[in-house]
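Here is the structure we will look at.
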Amino acid sequence: MKTISVNISEPVYDDFVEHARRTDRTAAELIREAMELFRNQRIRPRTSVATMKPLDLGKTLRPLTSRDDLLGEMLK
């Protein structure tokens, strides 16, 4: 783990310290968690297939039937 120094305003730090006290954690632990959350949401966001927009790849090669193996069709 890397040790860093960060300057933050007194009110922000006081909020972290108070919340840490109420949740039986340290302010440093909360700040690490906040940094990780920022990293995951802003720096390295993960996309889900459910949130992706569909792409138009043109016409189908042939209509699918009930006997078709969809996985095999997708891997062609």
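Please treat every number below as a calculation from the coordinates, not as lab data. Note that the coordinates shown come from a computational prediction; the quantities given were computed from them, not determined experimentally. With ideal geometry, Cβ positions are generated from the backbone for all residues, glycine too; neighbour counts draw on all protein chains shown.
A few notes on this one:
- Taken along its three principal axes, the alpha carbon spread of the chain comes to 65, 24, 23 Å, from the longest extent down to the shortest.
- When restricted to Cα atoms, segment 1-45 yields an Rg and a Dmax of 11.5, 30 Å, respectively.
- As a rough guide to protection, the peptides 54-61, 31-38, 6-13 ranked by mean Cβ packing within 10 Å, highest first, stand as 31-38, 6-13, 54-61.
- Positive-end residue of PRO54, SER9, LEU64, charge dipole of the chain with Cβ unit charges: LEU64
- Computed magnitude of the charge dipole of the chain (debye, nearest 20; Cβ of K, R +1, Cβ of D, E -1): 500
- Unit charges on C-beta of K, R, D, E only; dipole of segment 1-45, Debye: 320
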